[in-house]
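Have a look at the structure below, then the notes.
Each value in this text was obtained by applying a stated rule to the coordinates, not by laboratory testing. Predicted model, so just to flag it, every value in this text is computed and none were measured. All Cβ positions, glycine included, derive from the backbone under ideal geometry; neighbour counts span all protein chains shown.
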């Protein structure tokens, strides 16, 4: 089984980010491979300072981190719409 964890931005280092890290840890413990899709690259150093190296080490187990550039995605979508007219 494979999963994709989607979280907009890990860098605020709040409760939602901790929950996502714990969820990824649980997926790993269950033997589920997973990717991460996010809008900003995670600042590993900042995450380690907030949550500790042990919990953040889960980031090393992610198969692929997909960073979506939302502005580029919207521009491409708009261009596709322009060509359909």
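So, R0 is 30 Å and r is the distance between the beta-carbons of residue 22 and residue 79; what FRET efficiency does that work out to, to 0.05?
0.15
Count the DSSP beta bridges whose two residues both fall in the range 2-84, then state the antiparallel fraction as a percent rounded to the nearest 5.
Beta bridges within the range 2-84, antiparallel portion: roughly 0 percent.
Which value in deg cm²/dmol, rounded to the nearest 500, describes the helix-derived mean residue ellipticity at 222 nm for the chain, given -39,500 (n - 2.57) per DSSP H run of n ≥ 4 and division by the residue count?
Details: 4 runs with 42 residues, N = 85.
Calculated at 222 nm, the ellipticity per residue is -14500 deg cm²/dmol.
Extending each Cα 7 Å along its Cβ direction at residue 9 and residue 70, get the distance between those two points in nm, one decimal.
Rounded to a tenth, the inter-label distance reads 0.8 nm.
With only alpha-carbon atoms counted, please give the Rg and Dmax of the chain, in Å.
Gyration radius and largest Cα-Cα distance of the chain: 15.5, 53 Å.
Label residue 32 and residue 45 with points 7 Å out from Cα along Cα→Cβ: what is the distance between them in nm?
Computed distance between label sites residue 32 and residue 45 equals 3.3 nm.
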